[in-house]
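First up is the structure itself, then whatever we jot down about it.
The values are calculated or read from the model by the stated rules, or taken from the named source; none is laboratory data. The structure presented is a predicted model; accordingly, all values stated were derived computationally and were not measured. Heads up, the Cβs are rebuilt from the backbone with ideal geometry, glycines too, and the neighbour counts pull from every protein chain shown. Side chains included, ligands, DNA and RNA excluded: accessible areas come from the protein's heavy atoms. Shrake-Rupley method; radii C 1.70, N 1.55, O 1.52, S 1.80 Å.
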Amino acid sequence: MFKHFINLEWKAFIRSASVGKSIGLKIFLGFLAVYFMLAFLGLGVAIYPLTKEFFPEQEVLTVVNNFVLIWLTIELIFRFFMQSLPVINIKPLLIVPIKKEKVIHFVLLKSLTSFYNLLPLFIIIPFGIVYIYKENSSVFSMIVWMITMYILILCINYINFLLKKKFTDNIKGLFPYLLLVLILLALEYFSVFSITKFFGNQIGYLQSYPFLMLIPAAFLFGLYSWNFYNLKSRFYIDNSIQAKKQEVSNSDFSWVKRFGKIAPFLQLDLKLIWRNKRPKTTVWLSLFFLCYGLIFYPNPSYQDMPAFFVFVGIFITGIFMINFGQFIPAWDSSYYSMMMAQNIPLKQYLNSKAGLMTFSIIVLAILSTPYVYFGINILLLNLACALYNIGINVPVLIFAGSFNKKRIDLEKSPFMNYQGTGAAQWLVGIPLLLIPLLIWYAFYKFFNYDIAVIALALLGLIGIVLRNFLMEKIAKQFAKKKYEMINGFKQQES
């Protein structure tokens, strides 16, 4: 039966209208896969000497075990945002004599073939071989350790399966769990309780008691069964064809009428964000990525690279601007042709988008002010980056929107969803993030830090002063591309 399912998937792939695009994408992903495999292979070999260098007084495997929980946590976060779950079209299968259990087992076992499950082996196996060679360790105990590590990776695979099913549509539901992680990090930082060492000690017992490998194996079986019964409970024809029920929001955002001519468009944008999955997720992600600076500001290795803080400042104050702005006007693709048939001034329509992004930058800049804890220079740089985002990056993003011709399904998840993404979305990242960094670094190199910050802020202020002129030019560009964009938005992506 599994062979039959694989055959069906192969036929669906080769008979797809977008088979050429799919093959090209898979070739590109293949090159990336080879690169990451080689990188992970090198890391697996290098872990032993690096651990010896940085922790000369400690036993290598003990140190590695203490980092396992951190590795698994990062793996889970990365998978949640990047890994696509395996899918199968069950509607045709519901009316043929195929046991639903076989279909569910196929989907769950198919997830094991993910590249994300293969990649860790390029770290685990090389490290295990090097450790056996260098330490003259028991081959059997080290094989048990490697198998246990891979079982834990597969556990992360099925935990991610559960999380994506539950929280992809409601990312704010993750916040209590993130709070728990932050509490554990605080306990670790202040040396109250080290969860990483506790977890590492449990893994360390494998050297003396190999049979303990059965505990994570049982946990893996439990996660597999949980996913199995979770999918089985939804495997009914009524569940597949029934209309999706939604609560209608009665928020009319009448308070935006004070913003004059752009108010109707601004009202539409706020309703679009409030009522639809994909744009709403951009708001929660913007709040989540406010913590991005905590990775870099306290890290001593970045203190000698202040230009990198420009990238961080542009990112944390402009993350909503980037996520929302790069798909202008594709957010309105389902009714864009109707809007363009009305007597609507394009400049007012675009000014509403600019106003929404400007407001988001101001809010995120205010929320980022606690970073003053790391120095007044960080706060001033973030404010300068916010001004640059408002004055320069907002018009750049709106101008790039005139090249958008791919429609967007507002109810689809944004994670690993490239619908609506074209060359414009990839290329616009260069002027958004790289150019301000180069400008700042040039002034920093020839003058000093303060002059570089002032230069970045002045460029933003110049852009704000010229906003009206720039928007007129961009509106003319949109008018020129109007029919091309309408035609593109009518086409459905497969």
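Worth pointing out:
- All positions within segment 452-494 that are without any contact (Cβ under 8 Å) to a residue 60 or more places away in the chain and within 20 Å of Trp440 (Cβ to Cβ): Ala452, Ala455, Leu458
- Test: residue in segment 452-469 that is assigned to a helix (DSSP H, G or I), at pLDDT 80 or above and more than 30 Å from Leu381 (Cβ to Cβ): no
- In segment 336-352, the residues that are closer than 18 Å to Gly391 by Cα reach residues that are assigned to a helix (DSSP H, G or I) and open to solvent by 50 Å² or more (accessible area, probe 1.4 Å) with C-beta atoms within less than 7 angstrom, at least six apart or across chains, in these pairs: Lys347/Glu472; Gln348/Lys261.
- The set of residues in segment 358-399 that are farther than 18 Å from Phe309 by Cβ, open to solvent by 40 Å² or more (accessible area, probe 1.4 Å) and not β-branched (Val, Ile, Thr) comprises Phe359, Phe399.
- Of the listed requirements (1) among the aromatic types (Phe, Trp, Tyr); (2) at pLDDT 75 or above; (3) within 23 Å of the chain's Cα centre (by Cα), Phe415 misses just one: (2).
- For segment 245-301, filtering for residues that are touching a helix residue (DSSP H, G or I) at 6+ places or on another chain (Cβ under 7 Å), part of a loop (DSSP other than H, G, I, E, B) and at pLDDT below 75 leaves 3.
- Only one of the numbered conditions (1) modelled with pLDDT of 75 or more; (2) among the basic types (Lys, Arg); (3) more than 25 Å from Phe36 (Cα to Cα) is not met by Lys110, and that is (3).
- Listed by position, the helices (runs of 4 or more DSSP H) enclosed by segment 99-156 that each have at least 3 residues that are more than 19 Å from Ile77 (Cα to Cα), open to solvent by 10 Å² or more (accessible area, probe 1.4 Å) and touching a residue at least 40 places away in the same chain (Cβ under 8 Å) are 100-110, 121-135.
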